[in-house]
Amino acid sequence: MRQIGPLVVRTLTAPAVVPPLCAGSLRERDRLQWWVGDGGDPADLAGEFLTGHGLAGQLTGNLPAVARPHTAAHDPAVPCGAAMFVSAAAGAILAGGPAGPPSPAPAVPDLVVVVYEHRAHPDPSTTTGGTPTSWRLGPWRPSWTEQQHADAVEAARAAIGRGDVYQVNVVGHSAAPYAGDPRPALARLSRLPGARYGGVLTGPGWAIGCASPETLVEVTGGRAVTRPIKGTRPATGTGHRELLASAKERAEHVMIVDLERNDLAQVARTGSVRVDELYAVRRWCDLWQAESTVSAELADGVDLADLLRAVCPGGSVTGAPKLAALAQIAALEPVGRGASMGAFGWVGTDRIDLGLTIRTVAVDADRVHLWAGGGITWGSEPHAEVAEAAAKAAPVRAALADR
């Protein structure tokens with residue numbers, strides 16, 4: 001394994017989707033780490049690794065491990081499940097698009113799968129993030145100026161005007177130096193209100209902290225569900241009314257719902273894709289966000305690799321059409337998306353539950369990295385989009401800075 005600098009940590013703060021019976025009782029059994037430069041197909045690698053541990057065969061019928069209900073009777077010979085992380089670059093490759101610029105945090109792998117078994121006695125560090133130590137976070141430095149961000153939004157609008165694409169998600173990056181143990185700060189981040197996929201995953205020389213509210217894909221009983229989020233306003237009465245009334249936000253949202261319907265259709269039984277809920281307004285920290293629910297019955301023979309290729313990267317962080325949007329992203333953004341805009345969650349014995357890594361940070365030997373952005377349509381106003389990205393990043397920065 002690669003090892004960089006003084007940050008050498010191996011603790012998992014279990015994602016919120018870990019079965020409650022397992023919280024605090026996990027012990028690492030085996031691990032896969034992969035970088036884009038290593039070659040190979042990340043979906044196949046993940047699927048083969050998990051299948052080797054009896055966790056991810058076919059997702060329908062009577063064959064898969066994920067069809068077995070989870071019980072309190074822990075068999076030491078049977079793994080509990082696995083934490084999985086897929087980077088934005090790996091997701092773009094799975095979709096057949098460009099990986100984009102290099103990540104500003106190259107120590108972080110592009111694919112991580114950690115298989116866990118149960119320990120005899122609970123380990124508090126798997127849920128608390130370890131014993132608090134000194135922590136100091138320095139000033140944030142963006143990879144581009146606010147004007148450069150606004151110019152990228154304008155360039156995305158120009159591409160839409162030419163008919164190259166309908167919507168593009170434009171994401172900015174910033175980094176801050178730190179001193180001390182990052183794990184308690186990342187654990188705070190993972191506990192932000194609404195962080196359905198809150199958790200911390202670490203390895204030699206790197207760590208990822210996630211506070212995402214967005215479901216990329218959840219599979220239970222042969223049915224797949226995705227819950228795209230698109231559309232943001234301050235969590236005030238006025239913000240709620242504006243989000244419900246905004247034709248621009250609703251059009252942006254519906255484009256992504258249609259894209260997610262098409263993504264699921266690649267692995268679905270014919271005629272089974274449906275929109276269960278459209279444009280529901282929900283709260284994450286100090287923001288209102290619009291969320292929809294799209295579901296489908298999986299076709300016979302679908303496996304984890306098929307599922308990852310269908311849904312990665314999530315449409316709400318690319319735009320539409322997906323491949324055209326990925327080409328625009330690769331051209332417009334000055335640094336790679338790294339740990340953000342990918343996938344993070346749990347592959348268990350009875351389900352798969354992966355969140356989209358928005359509100360997510362990466363830590364390397366000396367810096368914390370944060371990404372934030374938003375979907376651009378013809379109706380976007382550049383400086384308003386810059387302000388929206390800053391509003392999304394604010395609760396993450398506050399959680400990390402808290403002593």
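The values are calculated or read from the model by the stated rules, or taken from the named source; none is laboratory data. A quick note: this is a predicted structure, and the numbers were derived from the prediction, not measured. Virtual Cβ from ideal backbone geometry, glycine too; neighbours counted across all protein chains shown. Side chains included, ligands, DNA and RNA excluded: accessible areas come from the protein's heavy atoms. Shrake-Rupley method; radii C 1.70, N 1.55, O 1.52, S 1.80 Å.
Values as computed for the structure displayed
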| item | result |
| --- | --- |
| Residue in the stretch 157-166 that is more than 12 Å from Ile376 (Cβ to Cβ), at pLDDT 95 or above and part of a helix (DSSP H, G or I) present | yes |
| Meets criteria (of a type in the set (A, V, I, L, M) and outside any strand (DSSP E or B)) for Leu264 | yes |
| Residues that are open to solvent by 50 Å² or more (accessible area, probe 1.4 Å) and under 12 Å from Val361 (Cβ atoms), drawn from the stretch 184-201 | Arg188 |
| Hey, Arg241 open to solvent by 40 Å² or more (accessible area, probe 1.4 Å), out of contact with any Asp or Glu (no Cβ under 6 Å at 6 or more places or on another chain) and either over 23 Å from Gly24 (Cβ atoms) or of a type in the set (Lys, Arg) (or both) or not | yes |
| Evaluation of Ile256 against (1) surrounded by 17 or more Cβ atoms within 10 Å (Cβ to Cβ); (2) free of Cβ contacts under 8 Å to residues at least 24 places away in the same chain (one fails), failing number | (2) |
| Search result, residues across the stretch 273-301 that are closer than 12 Å to Gly222 by Cα and open to solvent by 10 Å² or more (accessible area, probe 1.4 Å) | Glu297, Ala299, Asp300, Gly301 |
| So Ala327, is it modelled with pLDDT of 95 or more and closer than 22 Å to Thr232 by Cα | no |
| Matching residues in the stretch 25-57 - criterion: being in a loop (DSSP other than H, G, I, E, B) and either at pLDDT 70 or above or touching a Lys or Arg at 6+ places or on another chain (Cβ under 9 Å) (or both) | Ser25, Trp35, Gly39, Gly40, Asp41, His53, Gly54, Leu55 |
| Leading residue by the ranking (modelled with the lowest pLDDT) among those in the stretch 67-87 that are open to solvent by 10 Å² or more (accessible area, probe 1.4 Å) and aliphatic (A, V, I, L, M) | Ala67 |
| Members of the stretch 346-396 that are touching a strand residue (DSSP E or B) at 6+ places or on another chain (Cβ under 8 Å) and among the acidic types (Asp, Glu) | Asp350, Asp353, Asp364, Asp366, Glu385, Glu388 |
